[in-house]
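This report refers to the structure that appears directly beneath it.
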Amino acid sequence: MAIQGETRESTRVGVREPKQYKVIMHNDDFTTMDFVVDILRDIFHKDEMEAERLMLLVHEVGKAVVGSYPYDIAVSKVQTAAARAKAEGFPFRMTLE
């Protein structure tokens with residue numbers, strides 16, 4: 001039952017997908033291929049075949065996009081990979097675009 005003079009307020013809920021950032025893995029001459037595959041499997045949740053394909057692409061081309069994520073997730077993955085690389089003594093490098 002409507003009350004006289006009642007105003008209905010219309011609200012729009014606009015849910016937008018967060019902007020995606022590309023995580024780019026760069027090649028170097030010191031980081032082992034096994035380490036790169038492990039990073040791709042453990043942190044980026046790639047299966048064995050996809051991890052090896054990406055590792056070879058990075059090796060041959062010099063860099064490759066290994067995933068697209070919202071900013072916070074992308075930064076977290078890059079930081080986790082960098083920390084593991086530092087602990088292992090590798091100069092492994094990843095960037096966001």
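The values are calculated or read from the model by the stated rules, or taken from the named source; none is laboratory data. Quantities reported herein were computed from a predicted structural model and do not represent experimental measurements. A quick note on method: Cβ atoms are made from the backbone with ideal geometry, for glycine too, and the neighbour counts reach across all protein chains shown. Protein only, heavy atoms only, side chains kept; ligands, DNA and RNA dropped before computing areas. Shrake-Rupley method; radii C 1.70, N 1.55, O 1.52, S 1.80 Å.
Write down the accessible area per residue of the chain in Å², having rolled a 1.4 Å probe over the full set of protein chains.
About 76 Å² of surface per residue is accessible.
Using 1/(1 + (r/R0)^6) with R0 = 25 angstrom and r between the beta carbons of residue 16 and residue 47, what's the FRET efficiency to the nearest 0.05? Don't jump to the answer; show the numbers that get you there.
On the way: r = 30 Å, r/R0 = 1.22.
Calculated value: 0.25.
Provide, for q = 0.15, 0.22 Å⁻¹, the log10 of I(q)/I(0) from a solvent-free Debye sum over equal Cα point scatterers in the chain.
Treating every Cα as an identical point scatterer, log10 I(q)/I(0) equals -0.60, -1.11.
What does the helix-only formula give at 222 nm for the chain: each DSSP H stretch with n ≥ 4 adding -39500 (n - 2.57), the total divided by the residues, and the result rounded to the nearest 500 deg cm²/dmol?
Dividing the helical sum by the residues of the chain leaves -14000 deg cm²/dmol.
Please state, to two decimals, what the Cα-based radius of gyration of the range 12-61 comes to when divided by 2.2 N^0.38 Å (N = residues).
Working: Rg = 15.0 Å, N = 50, 2.2 N^0.38 = 9.7 Å.
For the range 12-61, the normalised Cα radius of gyration comes out at 1.54.
With 20 Å as the limit, write out which pairs from 46/86; 19/63; 22/63; 19/46 have Cα-Cα distances beyond it, or answer none.
Beyond 20 Å: 46/86; 19/63; 19/46.
Once neighbouring chains are kept in place and the probe is 1.4 Å, which whole percent of the accessible area of the range 42-97 is contributed by carbon and sulfur?
Its accessible area is 54 percent carbon and sulfur atoms.
Can you list the HN-Hα couplings for the range 51-63, worked out from phi with the Karplus curve (6.51, -1.76, 1.60; θ = phi - 60°), rounded to whole Hz and with x for Gly and Pro?
4, 5, 4, 5, 4, 5, 4, 4, 5, 7, 9, x, 6
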